[in-house]
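Input: a single structure, listed below in structure tokens.
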Amino acid sequence: RSHFQWFRVGIDLSVNGLERANNYMARQTTPHSSNFSFPVTLEPLTVEGHDSGFYGTVRRDEGFPRVLGVAGERYALLQNGDFINQIEEGFKKADLSGFEREVSVMDHGARCQAQWTFKNRTIKVRKVGDEMAFRVTARNSYDGSWKVSLVDTIERLACLNGAVRSEKGIMLQGK
């Protein structure tokens with residue numbers, strides 16, 4: 001029987017242990033929280049006592065360790081809280097205020113998306129008369145599913161019932 005243990009996390013990844021491992025690994029795909037400022041650490045993973053060359057992104061603030069993803073040695077950990085704070089500091093330096101921030105955390109913290117809508121920064125579409133607001137969307141993940149990215153868009157009020165449509169602008173991303 002093959003038996004693997006994740007360093008310091010102790011999750012049994014043998015065939016019989018996979019069901020128990022699913023309780024600790026990120027699986028929920030719908031947004032379930034707006035709490036984005038939790039600590040994540042990068043911890044070495046071992047196989048049968050030997051260095052695997054991989055690292056786990058581990059969340060420990062829930063009372064038990066949760067492995068959010070596996071990364072190689074070149075992975076640079078960017079904390080969601082730091083990322084969002086840096087963006088808002090940039091807004092302040094650029095004199096962009098009056099935004100509404102919405103944050104969605106998915107997969108037990110493995111993925112995070114933040115959106116800032118500036119309803120005080122709008123333009124009107126000439127022939128249609130629709131009002132469009134400036135919006136910035138940021139994404140980060142600890143499981144490798146998303147590159148860190150920052151996208152500017154415009155949000156257009158499509159009809160009187162409040163439906164909106166976004167048009168993409170410039171996208172900045174890194175790995």
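Structure above, values below:
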item: Flag if Thr57 is within 24 Å of Ser149 (Cβ to Cβ), open to solvent by less than 30 Å² (accessible area, probe 1.4 Å), under 18 Å from the mean Cα position of the chain (by Cα) and not hydrophobic (A, V, I, L, M, F, W, C); result: yes
item: Single residue of region 106-122 satisfying the filter (farther than 19 Å from Gly56 by Cα and open to solvent by 30 Å² or more (accessible area, probe 1.4 Å)) that is modelled with the lowest pLDDT; result: Thr122
item: Pick from region 60-86, criterion at pLDDT below 95 and acidic (Asp, Glu), ranking: surrounded by the most Cβ atoms within 10 Å (Cβ to Cβ); result: Asp61
item: Some residue of region 158-167 being open to solvent by less than 60 Å² (accessible area, probe 1.4 Å), in contact with a Lys or Arg (Cβ under 6 Å, 6 or more places away or on another chain) and at pLDDT below 85; result: yes
item: Residue within region 87-105 that is under 19 Å from the mean Cα position of the chain (by Cα), of a type outside the set (D, E, K, R), buried (at least 18 other Cβ atoms within 10 Å of the Cβ) and under 13 Å from Phe36 (Cβ atoms) present; result: yes
item: Qualifying positions in region 38-77 - of a type in the set (D, E, K, R) and not in a loop (DSSP other than H, G, I, E, B); result: Glu43, Asp51, Arg59, Arg66
item: Where Arg139 falls short, out of the listed (1) at pLDDT 70 or above; (2) under 25 Å from Tyr75 (Cβ atoms); (3) open to solvent by less than 50 Å² (accessible area, probe 1.4 Å); result: (3)
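The values are calculated or read from the model by the stated rules, or taken from the named source; none is laboratory data. The structure displayed is predicted, hence computed values, not measured ones. FYI the Cβ positions are ideal-geometry reconstructions off the backbone, even for glycines, and counts take in every protein chain you see. For accessibility, only protein heavy atoms count, side chains too; no ligands or nucleic acids. Shrake-Rupley method; radii C 1.70, N 1.55, O 1.52, S 1.80 Å.
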